[in-house]
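This report concerns only the one structure given below.
The values are calculated or read from the model by the stated rules, or taken from the named source; none is laboratory data. Everything numeric here is computed off the predicted structure, so don't read it as measured data. Note that each Cβ is placed from the backbone with ideal geometry, even for glycine, and that neighbours are counted across all protein chains shown. We work out accessible area using only protein heavy atoms, side chains counted, and drop any ligands, DNA or RNA first. Shrake-Rupley method; radii C 1.70, N 1.55, O 1.52, S 1.80 Å.
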Amino acid sequence: FSGTASATRTNVVEGTDSDGKTEMGLAESQFSNNNDNFNVTFEVTSDGYQEIKPINATVTIVGSQNTADYDGNEHTVTGYDATADTNLYDVENDFTFSGRAEASRTEEGTSYMGLKAEQFTNTNSNFATVSFVVNDGYQAIDPIDVVVTITGHNSTDVYDGNAHSVGGYDVSFSNPLYTAADFTFVGTA
């Protein structure tokens, strides 16, 4: 035998070959008879091959999440972490992302990034199906505590037989972010 009865392959797609197979290349011309007692005809009925079939993977995407206390400023969170259920899948290079991994918020509440599985696309042909499991990222703003001190106006008069009155009140706040426009008064001062 003058050939090489071996085939080696690593990936489903190698170069221009995309069928996943590397054949040995066995041919009748590679075999020769060394025994003169026989007239031999060599027939190669099936070539040997090494085939690599694609596998499936699951990639978990976790959007960055942040919670801040209200301070009147806009807060922004960006990015996501990706992990795969197999170390063969390179989460740095094997998929593309077509969305925007960012959320911003100033007021109390939660703003989500809006990450969705369909924004992620597998680019590695060694994986037949890649499922993207997405946990959306968010920026949350928590309300803060404030003390509003109301001090009613006072008046002291000497009795003179006439009605006297006083009105209004003063307001102070434990946090300058809170103002008189942030509350209403339904009584009579």
Of all accessible heavy-atom area on region 101-189, the percent that carbon and sulfur account for (1.4 Å): 49 percent
Taking mean projected area of the Cα convex hull in nm² straight from the coordinates, which label in [x] 17.9; [y] 16.6; [z] 13.6 is the correct one? [x]
Magnitude of the charge dipole, region 12-119, Cβ model with Lys/Arg +1 and Asp/Glu -1, debye to 20: 180 debye
Taking all protein chains together and a probe of 1.4 Å, list His164, His153 from the most accessible to the least accessible. His164, His153
Taking K and R as +1 and D and E as -1, what net charge do the other residues with C-beta under 11 Å from the C-beta of Gly20 add up to? -1
Answer in debye to the nearest 20: the dipole magnitude of the chain about its Cα centre, from +1 Lys/Arg and -1 Asp/Glu charges placed on Cβ, is 240 debye
Indicate, rounded to the nearest 5 percent, the antiparallel portion of the DSSP beta bridges found entirely in the chain. 70 percent
Give the Rg/Rh ratio for region 79-189, taking Rg as the radius of gyration of the Cα atoms and Rh as the Kirkwood radius, to two decimals. 1.46
For Gln65, residues with placed amide H under 5 Å, excluding near neighbours: Tyr138
Pairwise label distance in nanometres, Lys116 with Asn66, each label 7 Å out on the Cα-Cβ vector: 2.5 nm
Counting only residues 5 or more places away or on other chains, whose amide H sits under 5 Å from the amide H of Thr106 once H atoms are built in the peptide plane? His75
Residue-normalised accessible area of the chain, expressed per residue, 1.4 Å probe, Å²: 68 Å²
What nm distance separates the two modelled labels at Ser174 and Tyr49, each placed 7 Å from Cα along Cα→Cβ? 7.6 nm
